[in-house]
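Asker: First the structure, then my questions, so here it is.
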Amino acid sequence: MSNPNNVSQNISHELAFIDGHALNIPTLSILNEDGDILSGATAPDITKETAIRLYETMRFIRALDERMQAAQRQGRVSFYMQCLGEEAAVTASAAALDQDDMIMAQYREQAALHYRGFTLDQFMNQMFSNELDLGKGRQMPIHYGSAELNYMTISSPLGTQIPQATGYAYGQKIKHIDAKTGELSSKIDNVTICYFGEGAASEGDFHAGLNMAAVHKSPVIFFARNNGYAISTPADEQFKGDGIASRGVGYGIKTIRVDGADALAVFAATQKAREIASTTGEPVLIESIAYRLGAHSTSDDPSGYRSKAEEANYQACPIERFRKWLIKKDWLNDEDDVKAKEQIREDILAALKRAEVVEKPALEELISDVYDTPIPSLQRQYEQLKSHIKQHPDAYPVTAGRIK
Amino acid sequence: MAKMNMLHAINSALDITMAEHPQACIFGEDVGYFGGVFRATSGLQEKYGQHRVFNTPLTEQGILGFANGLAAFGAPALAEIQFADYIFPAFDQIVNESAKFRYRSGNEFNVGNLTIRTPYGGGIAGGLYHSQSPEAYFAHTPGLKIVVPRNPYQAKGLLRASIKDDNPVIFFEPKRLYRASTGEVPEEDYSIELGKAEVVEQGSDVTLLAWGAQMEIIEDAAKQAAEQGISCEVIDLRSILPWDLDTIAKSVTKTGRLVISHEAPITNGFGSEIAATIQQECFLHLESPILRVCGLDTPYPLALEKEYVPDALKVLAAIKQSVEF
């Protein structure tokens, strides 16, 4: 017996189970640790300008991460998350996209945002939740977002952006569909990339999002950052299948696994994924394998769950690997690079000092944006609060002097 | 004007929206060719194509995740959850995502284009899982709007207003009335303002307040009370969030008495919020305690549904209790 919907007609008379790891998924690797193209590998089509922008972004983010980790330890910001070890995965994938493609990230993708043009001051204003923060000081540090740069504001709940990316990308596709045939009538101008960790892929939203993208044909590039850890939980306590990639195949989605510390492999895979998504209107899954060199966040201490020996084994730096390639190509000068790093550190410190003293958002930002306009009950609560603060200005020094 | 039942009226509001906006999409379980298990989306796939009216896989969290993304893109996202009892897998997407999208981004992004339609309430022998009225869970979430219509005319006008409103709206449809309630409905477009209650019947002794399918119960009770010489002012709240404090307070100031009725369990039902606020606003005008006639604090029953529901007789008893206090 069979049924007419979706079941393969491959009838067999031999009792045999398919092994859970039968696929044995390969990992695309292009660049070796010395910055040379591996034999048999082909370097992707990348311009000097893009390669330099990619490198400069990684260089900047490494410096920002180091400085802000320290700033958190000094008590200047409440929280921080570094992306040590995953700079190439995030930056090279963003570099393979169009500036107007939507990015829906998890939280560790600040490099993709900087690649788009988010400025040092914008990063700082968000982390200090001051009145210049685009998010109006409402979210914890590192929850960036920018409509102008097509970078969806980060949400702490894990995996929620995955089915949202499916819906967003579906929206991007609608105008390219011929109403009569239901087929694509032109190449899709902009697609969506959706980042998430291997831990977040255990959330129901992952399954919902990938399945719906496959069924409804949404042009979204799912980018799984498998860095081996979800806070303290190692990936082998998270799932037993062959990484995240094997699931893509289960949903009927074109899938590739790449070395996430290899900027060229990530760039090549994402470039191709974008072409597939924009020409077929279908989703693609990329699983990037890297090692989270740092802690989950400043609230975490990896010494409680992994050994120094293990960390020493995976110290190889993705930025350094790409840097060596650039120097060998003569696209980067070592001396200039060293100078630039020094300048970045100075710039970061100066920006931090600037952002620290900018005022907190005004009291009205407490109630704005809950709705497009405050509903009557909220307006009443606001009036009550204002009058209370005016009666006790000393207790509310941040806003008391600025109430209109 | 045409005679329509509530399903026709809802279908008409959806049809107008689909014609108006080329990127509007309707999606949910079985809403495509079949037109939904209650047939609210009947004929719309044929008219607007499979790419704009489509079945989704069986995943409520996926439906709302997809809807949030589509709405954030800027397309009207008309999501259907087949029964309100099954909305809970989507709770996170609604409460943590839809409701907070604008606030958390400082208005960089919003999902004002989102409208969630879902049939709610009992009276169809549906037992625990085809009868719930979960409006109070969502009423605890700033950022959402919640609307419940009582008849076909209201359903079309309120649904159009919900779709056009630039905030995410949950539109609870009283499924018991889908076919039972009929009336004259304009074929053309019109909207009924959200956040405004309607005084359905003027009265002087006691204010009766409900919404959705419960309206016909309190109207019935008001008739019976009138026969006994008690004049009831009957109000349809229509919007749970935001809710129209002014209209209710004005009425209670006049009558001095308030009876609130809803099908959901009494504890922490939306009637609690109304009672607390009205006693504060109208304290010196109250002649008797505010009463609530609601479901019991049990799961929704099956065999004993008649005993469970806040029927007209229970409302009438409360009216008398209020007046005779």
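The values are calculated or read from the model by the stated rules, or taken from the named source; none is laboratory data. Just so we're clear, the structure is a prediction, and the values are computed from it rather than from any experiment. In this analysis, Cβ positions are derived from the backbone assuming ideal geometry, glycine residues included, and neighbour counts consider all displayed protein chains.
Asker: Which of the residues that make up the range A:260-281 are within 26 Å of A:PRO163 (Cα to Cα) and in contact with a Gly (Cβ under 9 Å, 6 or more places away or on another chain)?
Answerer: Answer for the range A:260-281, where residues must be within 26 Å of A:PRO163 (Cα to Cα) and in contact with a Gly (Cβ under 9 Å, 6 or more places away or on another chain): A:GLY260, A:VAL266.
Asker: Somewhere in the range A:93-103, is a residue of a type in the set (Gly, Ala, Ser) and either more than 28 Å from A:THR280 (Cα to Cα) or within 13 Å of chain B (Cβ to nearest Cβ) (or both)? Working first, answer last.
Answerer: Residues of the range A:93-103 of a type in the set (Gly, Ala, Ser): A:93-96.
Of the ones still in play, those that are also either more than 28 Å from A:THR280 (Cα to Cα) or within 13 Å of chain B (Cβ to nearest Cβ) (or both) are none.
No - not one qualifying residue is present in the range A:93-103.
Asker: Please identify the pairs in which a residue from the range A:353-374 that is under 20 Å from B:LEU114 (Cβ atoms) has its Cβ atom under 7 Å from the Cβ atom of a residue that is of a type in the set (Ser, Thr, Tyr) and not in a loop (DSSP other than H, G, I, E, B), counting only partners at least 6 apart or on another chain.
Answerer: Hits for this filter: A:ASP369/B:TYR103; A:VAL370/B:TYR103; A:PRO374/A:TYR382.
Asker: Now, a different point. Residues in the range B:1-22 that are small (Gly, Ala, Ser), over 17 Å from the mean Cα position of the chain (by Cα) and surrounded by 20 or more Cβ atoms within 10 Å (Cβ to Cβ): how many?
Answerer: Here is the first cut: in the range B:1-22, the residues small (Gly, Ala, Ser) are B:2, B:9, B:12-13, B:19.
In the following step, the residues that additionally are over 17 Å from the mean Cα position of the chain (by Cα) were identified as B:2, B:12, B:19.
If we keep only those that are surrounded by 20 or more Cβ atoms within 10 Å (Cβ to Cβ) as well, we get B:12.
Number of matching residues: 1.
Asker: Next question. Taking the range B:162-186 as the region of interest, how many residues are within 14 Å of chain A (Cβ to nearest Cβ) and surrounded by fewer than 24 Cβ atoms within 10 Å (Cβ to Cβ)?
Answerer: 3
Asker: Can I ask one more? Does A:GLY294 satisfy the condition of being assigned to a loop (DSSP other than H, G, I, E, B), without any contact (Cβ under 8 Å) to a residue 60 or more places away in the chain and surrounded by fewer than 23 Cβ atoms within 10 Å (Cβ to Cβ)? Let's see the steps before the verdict.
Answerer: Details: assigned to a loop (DSSP other than H, G, I, E, B): yes; without any contact (Cβ under 8 Å) to a residue 60 or more places away in the chain: no; surrounded by fewer than 23 Cβ atoms within 10 Å (Cβ to Cβ): yes.
No.
Asker: Considering only residues of the range B:100-128 that are without any contact (Cβ under 8 Å) to a residue 60 or more places away in the chain and aromatic (Phe, Trp, Tyr), which is farthest from B:VAL309 (Cα to Cα)?
Answerer: B:PHE109
Asker: I need the helices (runs of 4 or more DSSP H) fully contained in the range A:77-185, keeping only those with at least 2 residues that are in contact (Cβ under 8 Å) with a residue 24 or more places away in the chain and over 30 Å from B:THR59 (Cα atoms). Steps first, please.
Answerer: Working: elements: A:87-95, A:110-116, A:120-127, A:161-174.
Correct list: A:87-95, A:110-116, A:120-127.
Asker: Which one of these does A:PHE222 not meet: (1) under 22 Å from B:ILE63 (Cβ atoms); (2) part of a helix (DSSP H, G or I)?
Answerer: (2)
Asker: Of (1) out of contact with any helix residue (DSSP H, G or I) (no Cβ under 7 Å at 6 or more places or on another chain); (2) away from chain A (no Cβ under 14 Å); (3) under 24 Å from B:ALA40 (Cα atoms), B:LYS223 satisfies all except one. Which?
Answerer: (3)
Asker: Next question, about the same structure. Search the range A:116-137 for residues being among the small types (Gly, Ala, Ser) and over 24 Å from A:ALA89 (Cβ atoms), and hand back the single one that is nearest to the other protein chains (Cβ to nearest Cβ). Steps first, answer last, please.
Answerer: Residues of the range A:116-137 that are among the small types (Gly, Ala, Ser), as a first pass: A:117, A:129, A:135, A:137.
Narrowing the set further to residues that are over 24 Å from A:ALA89 (Cβ atoms) leaves A:129, A:135, A:137.
Working: A:SER129: 11, A:GLY135: 4, A:GLY137: 8 Å.
So the residue we want is A:GLY135.
Asker: Taking the residues in the range B:26-59 that are surrounded by fewer than 15 Cβ atoms within 10 Å (Cβ to Cβ) and of a type in the set (A, V, I, L, M, F, W, C) as candidates, determine which candidate is farthest from the other protein chains (Cβ to nearest Cβ).
Answerer: So, considering only residues that are surrounded by fewer than 15 Cβ atoms within 10 Å (Cβ to Cβ) and of a type in the set (A, V, I, L, M, F, W, C), the one farthest from the other protein chains (Cβ to nearest Cβ) is B:PHE34.
Asker: Select, from A:LEU113, A:LEU84, the only residue that is touching a helix residue (DSSP H, G or I) at 6+ places or on another chain (Cβ under 9 Å), within 14 Å of chain B (Cβ to nearest Cβ) and within 30 Å of A:ILE30 (Cβ to Cβ). Lay out the reasoning, then the answer.
Answerer: On the way: A:LEU84 fails: within 14 Å of chain B (Cβ to nearest Cβ).
Going through A:LEU113, A:LEU84 in turn, just one is touching a helix residue (DSSP H, G or I) at 6+ places or on another chain (Cβ under 9 Å), within 14 Å of chain B (Cβ to nearest Cβ) and within 30 Å of A:ILE30 (Cβ to Cβ): A:LEU113.
Asker: Take the residues of the range B:79-93 that are within 11 Å of chain A (Cβ to nearest Cβ) and buried (at least 23 other Cβ atoms within 10 Å of the Cβ): which is farthest from B:GLN61 (Cα to Cα)?
Answerer: In this case the residue turns out to be B:ALA79.
Asker: Are any residues in the range A:138-174 more than 7 Å from chain B (Cβ to nearest Cβ) and basic (Lys, Arg), and if so, which ones?
Answerer: Across the range A:138-174, the qualifying residue is only A:LYS173.
Asker: In the range B:94-129, which residue that is aliphatic (A, V, I, L, M), under 15 Å from B:ALA67 (Cβ atoms) and touching a Pro at 6+ places or on another chain (Cβ under 8 Å) is farthest from the other protein chains (Cβ to nearest Cβ)? Spell out the reasoning first.
Answerer: Going residue by residue through the range B:94-129, those that are aliphatic (A, V, I, L, M) are B:94-95, B:99, B:111, B:114, B:116, B:124-125, B:128.
Still in the running and under 15 Å from B:ALA67 (Cβ atoms): B:94-95, B:99, B:111, B:114, B:116.
If we keep only those that are touching a Pro at 6+ places or on another chain (Cβ under 8 Å) too, we end up with B:94, B:99, B:111, B:114, B:116.
Details: B:ILE94: 11, B:ALA99: 9, B:VAL111: 9, B:LEU114: 10, B:ILE116: 13 Å.
Ranking the candidates gives B:ILE116 first.
Asker: Quick one: which residue in A:ALA208, A:ALA214, A:ALA230 is more than 12 Å from every other protein chain (Cβ to nearest Cβ) and hydrophobic (A, V, I, L, M, F, W, C)? Lay out the reasoning, then the answer.
Answerer: Working: A:ALA208 fails: more than 12 Å from every other protein chain (Cβ to nearest Cβ); A:ALA214 fails: more than 12 Å from every other protein chain (Cβ to nearest Cβ).
So the residue among A:ALA208, A:ALA214, A:ALA230 that is more than 12 Å from every other protein chain (Cβ to nearest Cβ) and hydrophobic (A, V, I, L, M, F, W, C) is A:ALA230.
Asker: Right, something else. Looking only at helices (runs of 4 or more DSSP H) that fall completely inside the range A:314-404, which ones have 1 or more residues that are assigned by TED's automatic domain parsing to the domain that holds A:HIS114 and within 29 Å of the chain's Cα centre (by Cα)?
Answerer: On the way: elements: A:318-328, A:334-356, A:376-391.
So the answer is A:318-328, A:334-356.
Asker: I would also like to ask the following. Using beta carbons and a limit of 7 Å, which pairs, at least six apart or on different chains, have the first residue in the range B:250-265 and over 20 Å from B:LYS320 (Cβ atoms) and the second one in a strand (DSSP E or B)?
Answerer: As it stands, the answer is B:GLU263/B:GLY295; B:ALA264/B:CYS294; B:ALA264/B:GLY295; B:PRO265/B:CYS294; B:PRO265/B:GLY295, since those pairs meet every condition given.
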